[in-house]
Each structure stands twice: as C-alpha cells, then as structure tokens.
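The values are calculated or read from the model by the stated rules, or taken from the named source; none is laboratory data. Since the structure is predicted, the reported quantities are computational estimates derived from the model, not experimental observations. Cβ placement follows ideal geometry from the backbone for every residue including glycine, while neighbour counts extend to all protein chains displayed.
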C-alpha cells in the first residue's frame, strides 16, 4: 500500500511531542503533506522543518480539507473545539484521527459517536492508553488468570498540576488551566485511566464517588475517589489526585489482587509489569513505555488498507466519556450512578 498523505490540524504540543515522533517511526507508511494551525507561524515553522512548499501551511483548516491529494486528517485541537472541528472535517469524506475526549459535553460526545455513520468514514480516536504495551500486557494477564481470579484492584493516579503549570508541560496551556468543559483536568486526564481500566476489565456498570473540592479553575476537585463496579462483577477503587505529588516509592500505582497473587504496575513509564504469586514466586515482564502513539498510527494505517479493524472508535471512546460524566454526577449528587450505556463495538486487537 502507498504512503498515506496526512493533513495535520493543530501543530501544538500534542503534535510535537506525541504524534510527530510516531510519524517519524512510520515514515514508510505516512507522509505529512500539509499543516494547519490557527497560529499560522506555528504551522509554517513545521512546514519549513518538513521541507514542504509554502502552499502547504494554513491558518484555516477549511481550505486544507478541500484538497484532493490528501488521504487523511489528524486533528489535535483543544477539547472544547474537538467535536466542532471533527464534524466539519468529516464533511471532506476522508479518514480521520481525532483526539480524546470526543467533546466538551455529554451531548457533543454522543454526537461524535455517530460521526462515522453520518459521513460513512472511518474515525479513530487517539486514546493511546488502549494501545500502550503495559495495558495490553495486564489485560492479557487478567484474561489468562495468570495470578488467578481477580478479587479487586486499587489505582492511584496523581498529577501535580500546580507545579506543571509553571513548566514546559501540557498543564502550561491556558485552555487547560481555564477549561471550558466539565471536570477540568479530571476529564482531560482521567479519561485515559478509565479507558485503560475498561480495556483491562471490560465495561463499568456503575460508580460511586466522593471528592475534595477546591477553588481552582483547572479542576473543581483536588481529589476524586471513585468506587467502580464492572459488569463482570469486579470492583475497584480509582483515586485521582491533581494538586500535589506522591513522594514515597514504590508508588501505589495499579495493584490487582487475585486469588493466587497480585499484578502490579508502578507507573506507565517504569518499563516493567510485575506479577507476584502467593507461593513467593514472581515474574517481571518488560515493555517499552509510551508506544501507544506508534501502535495507534499503525492500526490506523492497517485499517485504511483493510488489514484489520480500527481498535478505538468513537463508539468505544464514548463509553469512556460516559464513565467520567457518571463520576462527576455521583460527586455532585453524592449517590451511586449507573453508567448510561456501553459500546456495542467489540474491537479486535492485534
């Protein structure tokens, strides 16, 4: 199959640090042919770095999507613009990679779920946690009952947002500091963790959450603790802390308690999934961190050639967004909330 000629919409930090390195590794399969950013100078800087002709940088994506020589589009815009831009780009009738979450509201997420059917095009959601090697290893260990039947799990996720706001990191972006979407950093970041947990254990049926409120724009809560009940009967506790650090090592991480041992991942970049057995034995499984961006682009390419189905569709990602909205509802009303729906789509992972 020929290289896919891709038009990039949004040349900010997500493109620079996440997608572009993956495109470089897959240069035999993709060619970045045009770039667009509302800040034309940013798009044009990348156009020059990629040795493209001047007519290949844009400040208005509407002009770019009219081009006949582009095969697909990769959209990386702030959350509040994600649905609006994706819907308009879909009218070009070409395959799309779009970011998570699907939209700034539950209504937008629902509308985004239906875009592939409305426009009869493939749309992949770049939920890299569902493609990360550590999450796939843990999913397979759980399904194979490597440490026995799962009783429950605990997961602690922390983001020192106040500190990272002052550094050259994603929280330094103003739209993240003053979000125009519910939940702030919990929706933006927590949806990754929910995607990973549903990838491992299946669909979540209901949630019951409590939180510690704070007077900060980036998140209405400094701490969110959610009890999760899965349709399989597995239960677990997910804690999201966005106002400080976890100092002690090893980190709490993700700990899955089974009847014959435990599966443990300290953090996504540690490079090792640990299995500990009740008889005192153990196993360490190495993996390459942060490969989700590579695997998602490879899946998109293979789907475009008919070799395999898309692993993460808007319908699947809609189920992750619904869990976040259910947790926020539970926090507000202090009650158990059933997740409204689950994706009918059952992906085939390679």
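Key figures for this structure:
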item	result
Breaking point among (1) closer than 22 Å to residue 240 by Cβ; (2) surrounded by fewer than 18 Cβ atoms within 10 Å (Cβ to Cβ); (3) under 20 Å from the mean Cα position of the chain (by Cα), for residue 152	(3)
Candidates 126, 104, 112, 90 - the one that is touching a helix residue (DSSP H, G or I) at 6+ places or on another chain (Cβ under 8 Å), surrounded by 24 or more Cβ atoms within 10 Å (Cβ to Cβ), over 18 Å from residue 198 (Cα atoms) and at pLDDT 95 or above	112
Criterion: touching a residue at least 60 places away in the same chain (Cβ under 8 Å) and within 25 Å of residue 5 (Cα to Cα) - qualifying residue of 325, 293	293
Identity of the residue in the stretch 191-234, surrounded by fewer than 19 Cβ atoms within 10 Å (Cβ to Cβ) and in a loop (DSSP other than H, G, I, E, B), that ends up farthest from the chain's Cα centre (by Cα)	233
Residues within the stretch 268-284 that are within 28 Å of residue 310 (Cα to Cα) and either surrounded by 18 or more Cβ atoms within 10 Å (Cβ to Cβ) or modelled with pLDDT under 95 (or both), tallied	2
The stretch 147-175, residues that are farther than 19 Å from residue 15 by Cα, part of a loop (DSSP other than H, G, I, E, B) and out of contact with any helix residue (DSSP H, G or I) (no Cβ under 8 Å at 6 or more places or on another chain)	148, 149, 160
Count - residues of the stretch 16-30 that are in contact with a helix residue (DSSP H, G or I) (Cβ under 9 Å, 6 or more places away or on another chain) and either free of Cβ contacts under 8 Å to residues at least 40 places away in the same chain or surrounded by fewer than 22 Cβ atoms within 10 Å (Cβ to Cβ) (or both)	10
Per-region count, the stretch 178-190, residues crowded, with 16+ Cβ neighbours inside 10 Å and either more than 16 Å from the chain's Cα centre (by Cα) or at positive phi (or both)	5
Per-region count, the stretch 252-266, residues surrounded by fewer than 17 Cβ atoms within 10 Å (Cβ to Cβ) and either more than 20 Å from residue 143 (Cβ to Cβ) or in contact with a helix residue (DSSP H, G or I) (Cβ under 6 Å, 6 or more places away or on another chain) (or both)	1
Any hit, the stretch 47-62, residues being out of contact with any helix residue (DSSP H, G or I) (no Cβ under 7 Å at 6 or more places or on another chain), farther than 20 Å from residue 311 by Cα, outside any helix (DSSP H, G or I) and at pLDDT below 95	no
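Yes or no, residue by residue, for (1) in contact (Cβ under 8 Å) with a residue 12 or more places away in the chain; (2) surrounded by fewer than 19 Cβ atoms within 10 Å (Cβ to Cβ); (3) touching a strand residue (DSSP E or B) at 6+ places or on another chain (Cβ under 6 Å):
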position: 6; (1), (2), (3): yes, no, yes
position: 11; (1), (2), (3): yes, no, yes
position: 40; (1), (2), (3): yes, yes, no
position: 59; (1), (2), (3): yes, yes, no
position: 83; (1), (2), (3): yes, no, no
